[in-house]
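The values are calculated or read from the model by the stated rules, or taken from the named source; none is laboratory data. This is a predicted model, so every value here is computed, not measured. Using ideal geometry, Cβ is built from the backbone for each residue, glycine included, and neighbour counts are taken over all protein chains shown.
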């Protein structure tokens, strides 16, 4: 089996900030216990839905995953022994989070009577790979996660939009899974705008990180409401 090496894809995709710089800048604020969501009821088995997924490993860091009628490939960069033919496992987590909160936004828009014209999301996550590749006793999962959520809507009532965003976060399975992770600091950046443009959500995360944009949004709209962690 190929020896796992430190992935290079993160450095390629995270802009000018190096992994070490990201870890150093985040260490002072990593405390997952400070942004936990609380619930008043316990899960009920009778109300629960189950998911099943199977995986077949083919070597070279590649796994074919099947769920129902769907199949997809999980891979790693060539530097990590893969073929760089598909996202890596942790990138699927980021993508699932983007998709999950977008679905919840769509579902809750009807409940709150807030028409949605579009949604842009962007995820940035940082993890210390020392436990995985260097034998250090450090948590292997993400320690810092920034999620930008830009929503295009005609509604301008700040109280309604704030309640809407809080409800979405409170009901989003992926966001709450991240919030429940020990030692992970999740920051959700909400912006409500009158129009969406390419790379606008990425620019929000880059601004929070203090790094330059690789893809500068053209004529990005000024948000009429900005929220951070409305449910935390």
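Give the residue that is modelled with the highest pLDDT, with candidates limited to residues of the stretch 67-90 that are more than 20 Å from the chain's Cα centre (by Cα) and either within 27 Å of residue 160 (Cα to Cα) or in a helix (DSSP H, G or I) (or both).
78
Within the stretch 91-113, can one find any residue that is surrounded by fewer than 11 Cβ atoms within 10 Å (Cβ to Cβ) and not in a helix (DSSP H, G or I)?
yes
Where in the stretch 128-232 are the helices (runs of 4 or more DSSP H), entirely inside, with at least 2 residues that are buried (at least 17 other Cβ atoms within 10 Å of the Cβ) and out of contact with any strand residue (DSSP E or B) (no Cβ under 6 Å at 6 or more places or on another chain)?
It comes to 158-171, 173-179, 200-209.
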